[in-house]
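Working notes, beginning with the structure itself.
The values are calculated or read from the model by the stated rules, or taken from the named source; none is laboratory data. None of these values were measured; they are calculated from a predicted model. Cβ: placed from backbone, ideal geometry, glycine included. Neighbour counts: every protein chain shown. Ligands, DNA and RNA are stripped out before the accessible areas are found, and what is left, the full protein with its side chains, is counted by its heavy atoms. Shrake-Rupley method; radii C 1.70, N 1.55, O 1.52, S 1.80 Å.
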Amino acid sequence: MAVQGVLSNRLRSLLTMLGITIGVAAVIILVAVGHGSQVAVQNQIENLGTNVVTIMPGGFGFGRGSGGFRSSFTQLTTKDVKALQDQTAAPDIQSVTPVVNGSVTATFGAASYSPSQFVGTTPSYSEARKAPVEAGTFITPQEEAQHARVVVLGQTVVENLFGNTNPLGQTIKLNGIGFQVIGVLVPKGTNGVQDQDDIAIAPLTTTQDLITGVTGGLSQIIVEAKSSHQVNAAANEATAILTPTHSSNGTANFRVLNQASLLQTTASSNHVFTVLLAAVAAISLLVGGIGVMNIMLVTVTERTREIGIRKALGARRADILGQFLTESVLLSVCGGIGGVAAGLVGSQFKIVGVQPSVELYSVLLALGVGVAVGLFFGIYPANRAASLRPIEALRYE
């Protein structure tokens, strides 16, 4: 009888279920977007290495000394790299990679292109920054020691300079100086801000000789910990080693970026973001539940005489209550199932550049809450129907 009651007004029942469907689908999709965003950010940070600490020179600061105010800015140098490589002072550090950033214009034949990143570094950069080569080889210790004019390119640079031509072994000019292409990096894609494949990497010694000049300091030092559990210890050791020679009035003139801490902070922020999205979507479920209650109240009013006849023939209060509760739950279950289907389909498409990642708990929770909402909002109309007196119900026009 509950099924017949639902089917007797198909359009009205369909519109009622649509409210629940939209609410359930909204919860699933928005939670999937939040989780997908979190996964994307985590992948981007992990691509930089989760057991990596990046040390950068600080900005200009001023400390009061005997001569008044003085600049507290100091440069990072290869001496600092050697100090950090001391296993006695820094037992938790696996490798230390100096990095120099420069600006170049690359040319090959008639093609000309300026990579957004030009890096001069050592062979350990490949492991520290998770930058393996797809073809060819990375910079070797011999090439770095011999100041070799070799370069490793990202996919974006290769596409702009060579098109479909094999770049390996070719000679390109960087600021008019010939470099041989020895490797092509594995594509990483964008990190949301920067194209990670728009990069050219050359030996540190060669870069200092020909591009930036040996007088310049290092742009950053990449410290790789022996494991992800030793990142904080490695950061503390690096800070202790560099502070005596890079500080002003006890304040360090360099910055330490801990990738593990950044990952943890980002994960916390994204969790809050996902919860807020789910809370907004839950409002749709509430609205859908109110719709169920409204329709059930109308249904009770329309079927008052039917209720009176059933009670006059011996129907108990529980029978009437059960029938109308079943109708409201049927509407919620059917709407919830439709919402799950819509949510799973909608999560297959990118939303504002984010690929949603469906979480099983969100599907079960949305469906469960959808059914619970229908049950909750169906109790009052069902109870109202069950409370009608038979004589008054039969007289109702």
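Quick check: is even one residue across region 347-359 in a helix (DSSP H, G or I) and either among the aromatic types (Phe, Trp, Tyr) or open to solvent by 10 Å² or more (accessible area, probe 1.4 Å) (or both)? Don't jump to the end; show me each part of the working.
Pass one, region 347-359, residues in a helix (DSSP H, G or I): none.
No, region 347-359 has no match at all.
Name the residue that is surrounded by the most Cβ atoms within 10 Å (Cβ to Cβ), counting only residues in region 286-326 that are more than 49 Å from the chain's Cα centre (by Cα) and under 17 Å from SER13 (Cα atoms).
ARG303
Give region 301-318 a look and list any residue that's more than 9 Å from PRO390 (Cα to Cα), not hydroxyl-bearing (Ser, Thr, Tyr) and not in a loop (DSSP other than H, G, I, E, B), or say none.
GLU302, GLU306, ARG317, ALA318
All but one of (1) closer than 26 Å to ALA225 by Cβ; (2) touching a helix residue (DSSP H, G or I) at 6+ places or on another chain (Cβ under 8 Å) hold for PRO187; state the number of the condition that does not hold.
Checking PRO187 against (1) closer than 26 Å to ALA225 by Cβ; (2) touching a helix residue (DSSP H, G or I) at 6+ places or on another chain (Cβ under 8 Å), the one that fails is (1).
Can you pull out the residues in region 6-28 that are open to solvent by 40 Å² or more (accessible area, probe 1.4 Å) and either closer than 16 Å to VAL371 by Cβ or not polar (S, T, N, Q) (or both)?
Start the filter on region 6-28 by keeping residues that are open to solvent by 40 Å² or more (accessible area, probe 1.4 Å), which leaves 7-12, 14-15, 18, 22.
Residues satisfying the conditions are LEU7, ARG10, LEU11, ARG12, LEU14, LEU15, LEU18, ILE22.
Could you please give the count of residues in region 37-58 that are at pLDDT 85 or above and open to solvent by 50 Å² or more (accessible area, probe 1.4 Å)?
Residues flagged as at pLDDT 85 or above and open to solvent by 50 Å² or more (accessible area, probe 1.4 Å) within region 37-58 amount to 0.
Here is a yes/no grid of residues against (1) part of a helix (DSSP H, G or I); (2) in contact (Cβ under 8 Å) with a residue 40 or more places away in the chain; (3) of a type in the set (S, T, N, Q):
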| residue | (1), (2), (3) |
| --- | --- |
| ILE337 | yes, no, no |
| VAL340 | yes, yes, no |
| LEU344 | yes, yes, no |
| VAL363 | yes, yes, no |
| LEU367 | yes, yes, no |
| GLY370 | yes, yes, no |
| PHE376 | yes, yes, no |
| ASN383 | yes, yes, yes |
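Quick check on region 249-273: of everything there that is at pLDDT 75 or above and either farther than 27 Å from PRO356 by Cβ or not in a helix (DSSP H, G or I) (or both), which residue is farthest from the chain's Cα centre (by Cα)?
The residue in question is THR251.
Rundown of residues vs (1) in a loop (DSSP other than H, G, I, E, B); (2) open to solvent by 10 Å² or more (accessible area, probe 1.4 Å); (3) among the small types (Gly, Ala, Ser), yes/no style:
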| site | (1), (2), (3) |
| --- | --- |
| ASP197 | yes, yes, no |
| ALA202 | no, no, yes |
| THR207 | no, no, no |
| ILE211 | no, yes, no |
| VAL223 | no, no, no |
| ASN232 | no, yes, no |
| ASN236 | no, yes, no |
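Evaluate region 115-138: report whether one residue or more is among the basic types (Lys, Arg), farther than 16 Å from LEU185 by Cβ and either buried (at least 17 other Cβ atoms within 10 Å of the Cβ) or touching a strand residue (DSSP E or B) at 6+ places or on another chain (Cβ under 7 Å) (or both). Walk me through how you get there before you give the answer.
Going through region 115-138, the residues among the basic types (Lys, Arg) turn out to be 129-130.
So of that shortlist, the ones also farther than 16 Å from LEU185 by Cβ come out as none.
No, region 115-138 contains no residue that is among the basic types (Lys, Arg), farther than 16 Å from LEU185 by Cβ and either buried (at least 17 other Cβ atoms within 10 Å of the Cβ) or touching a strand residue (DSSP E or B) at 6+ places or on another chain (Cβ under 7 Å) (or both).
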